[in-house]
Each structure stands twice: as structure tokens, then as C-alpha cells.
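Report on one structure; see the data block that follows.
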Amino acid sequence: MPVNTPRTRRKPSSSEDHVIPVEVRASRINGRGLFARARLPGRRKLGEISGELVRLPGAWKKVERSDKIYLIELNERQALECSSGNSFRYLNHSCAANCYMRIIRNRVEIYTRRPIRAGTELTVNYGATPHKDGMRCACGAANCKGRL
């Protein structure tokens, strides 16, 4: 049964993700990932994730059947669906993430946690998943929990 999720197009407040030195390429974690093309300083805002605002809980029901999730919960009623957003949608999960997400109103900003060397994959900790038994984690970090 299809889930009816009204959508509103939302763009980031700036086009920062094309001026920071990042690139999308093959990832050892999962499919494609976002990588630093140059050294990035710690605690630096990299940009904002773009996508469409969708209603919850209907959007969660839709992604429960998917093996890839492009959904960021903003509050108890809305989420940002990023499958057709900018390059930040390629941020993969890591249990030892080098970046973090900051949600301000309906905006999702991405920051570096620490200095990042050129060629390093940029990662965030996804947190909880709507999948009943979680999802397998493939981050390879020394402190990997094995599941999301």
C-alpha cells in the first residue's frame, strides 16, 4: 500500500557544498561516499543537506522497506527526504564519525568534528534506524557496534 507523503521542495540557504573541497566517489562503507579533496579543519561548517520536507510518521513507513535511507528526522512531525538532494546525501554512517549533523529549525547543517585529511571519507553517526532489527553496520571502525 503506497504511503501518501506530501512534499515541499527545500533548498539549502546557500550553495556551500560546491565551494568546499569534497567529491563523491566509491566508498568501502556503502556504495558511494563523500570524500575530502583537501585538508579540512576541525569544527568547520561544511554546508547544508538539501532535500524535500515530508510528513512523519508516513515517511518512516516508506523507508522501512528500503535498504538505503535518505531521511533525517527534523522534529516529531517532519523529516528531510534527501534522496534527490545535494552531494551531502552521500555521507555514510560510521560509529567513529568525523562529522556531525546540526538541526536548526528545518535545516540540517554538516560540521567536521576534528581536522580531516585529504582523501578521507566524510561520515556521520546516523543514530536510530526504523528497521525492526536495525541495519548491519559496515563502517569498519575499531569501536563499530555492528548494527545501527
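The values are calculated or read from the model by the stated rules, or taken from the named source; none is laboratory data. Here the structure is a predicted model, which means the values were calculated and not measured. Reconstructed Cβ throughout: ideal geometry from the backbone, glycine too, with neighbour counts over all protein chains shown.
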What are the pairs, 6+ residues apart or on separate chains, where a residue within segment 124-148 that is small (Gly, Ala, Ser) has its Cβ under 6 Å from a residue that is in a strand (DSSP E or B)?
134/147
Those residues of segment 6-38 that are within 30 Å of residue 137 (Cβ to Cβ) and at pLDDT 50 or above come to a total of 19
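Applying the selection to segment 93-118, what residues are among the polar types (S, T, N, Q) and modelled with pLDDT of 95 or more?
Here is the first cut: in segment 93-118, the ones among the polar types (S, T, N, Q) are 94, 98, 106, 112.
Hits for segment 93-118 are 94, 98, 112.
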Looking across segment 72-107 at residues that are touching an Asp or Glu at 6+ places or on another chain (Cβ under 6 Å) and in a strand (DSSP E or B), the single one that is surrounded by the most Cβ atoms within 10 Å (Cβ to Cβ) is 79
Working only within segment 113-143, note down all residues that are under 15 Å from residue 33 (Cβ atoms) and part of a strand (DSSP E or B).
116, 121, 122, 123, 124
